[in-house]
Amino acid sequence: GAVVSQHPSRVICKSGTSVKIECRSLDFQATTMFWYRQFPKQSLMLMATSNEGSKATYEQGVEKDKFLINHASLTLSTLTVTSAHPEDSSFYICSAREAMTGYAEAFFGQGTRLTVV
Amino acid sequence: EDKVVQSPLSLVVHEGDTVTLNCSYEVTNFRSLLWYKQEKKAPTFLFMLTSSGIEKKSGRLSSILDKKELFSILNITATQTGDSAVYLCAVTQGGSEKLVFGKGTKLTVNP
């Protein structure tokens, strides 16, 4: 299957700093990538849809100024958590689909465990 | 409101047992239903279902979709401890690339 690489897998940062998470599709082009957040023992919650060359579409309740998404190329999307606070500590996962017809499974990155201290 | 409901939320079985996980959905313009297995990190893809009544099978796992009754089941036969994971069901809709996830079923297989 297609490979999606997410980096870093784990990051610890101080309160008030910003953290950037990268999501790359390694062997296919992804015009759209998705960013999810997962709290312990809960399901994946979609934060935003990242569109190459245009602004991301954020889900209701997600602060776009806090979670900055950039989709600069067909293989790279980044999520920057700005001015991080302890409540931002979570597991962040990106995904991408290989084909845009909708009849294709989504592949996930390995996830990033963010801890804000 | 679109929703995906999985049941049970958690399940504990012994090795060798057969389990059935359920996923029901209420979404507009349904397109496909996907099953994922999530262990410690990101979900890994299991099946994608788009048509009713056609069973998809991979080893001891199988899944089927009923678009009339709006549900899917995931069967695991002869369970092993390595099957212990959270199993996620997700649905896609026409006109959108988003996956709408259920809360998952946590399966624990004891030796």
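I'd like to verify a number: residues in the stretch B:88-99 that are within 18 Å of A:Phe108 (Cβ to Cβ), within 11 Å of chain A (Cβ to nearest Cβ) and in a strand (DSSP E or B), how many?
Residues that pass the stated criteria total 5.
What strands (runs of 3 or more DSSP E) lie completely within the stretch B:1-77 and have 1 or more residues being over 21 Å from B:Val109 (Cβ atoms)?
Hits in the stretch B:1-77: B:3-7, B:19-26, B:30-38, B:44-49, B:56-58, B:61-66, B:71-76.
Quick grid of which residues meet (1) among the hydrophobic types (A, V, I, L, M, F, W, C); (2) at pLDDT 85 or above; (3) under 15 Å from the mean Cα position of the chain (by Cα):
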position	(1), (2), (3)
A:His7	no, yes, yes
A:Met45	yes, yes, yes
A:Asn51	no, no, yes
A:Phe67	yes, yes, yes
A:Thr80	no, yes, yes
A:Phe91	yes, yes, yes
A:Phe108	yes, yes, yes
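Which of the residues that make up the stretch A:1-30 are at the interface with chain B (Cβ under 9 Å from one of its Cβ atoms), part of a loop (DSSP other than H, G, I, E, B) and either under 14 Å from A:Thr112 (Cα atoms) or of a type in the set (Ser, Thr, Tyr) (or both)?
Result: A:Ser9, single match.
For residues in the stretch B:17-41 being under 11 Å from B:Leu88 (Cα atoms) and within 13 Å of another protein chain (Cβ to nearest Cβ), which is nearest to the chain's Cα centre (by Cα)?
Per the criteria, the residue is B:Trp35.
Answer with yes or no whether B:Gly82 is at positive phi and of a type in the set (Gly, Ala, Ser).
no
Conditions tested, residue by residue: (1) part of a strand (DSSP E or B); (2) more than 14 Å from chain B (Cβ to nearest Cβ).
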{"site": "A:Lys41", "(1), (2)": "no, no"}
{"site": "A:Asn70", "(1), (2)": "yes, yes"}
{"site": "A:Gln110", "(1), (2)": "no, no"}
{"site": "A:Arg113", "(1), (2)": "yes, no"}
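Under 6 Å by Cβ, and 6 or more places apart or on different chains, what pairs join a residue from the stretch B:57-73 that is over 20 Å from B:Val27 (Cα atoms) with one that is in a strand (DSSP E or B)?
Filtered contacts from the stretch B:57-73: B:Arg60/B:Ile76; B:Leu61/B:Ile76; B:Ser62/B:Asn75.
From the set of residues in the stretch B:42-87 that are more than 24 Å from B:Val12 (Cβ to Cβ), within 13 Å of chain A (Cβ to nearest Cβ) and of a type outside the set (Gly, Ala, Ser), which is surrounded by the most Cβ atoms within 10 Å (Cβ to Cβ)?
Among those that are more than 24 Å from B:Val12 (Cβ to Cβ), within 13 Å of chain A (Cβ to nearest Cβ) and of a type outside the set (Gly, Ala, Ser), it is B:Leu49.
The values are calculated or read from the model by the stated rules, or taken from the named source; none is laboratory data. Everything numeric in this text was worked out from a predicted model, so none of it was measured. Note that we place each Cβ from the backbone using ideal geometry, even for glycine, and neighbour counts take in every protein chain shown.
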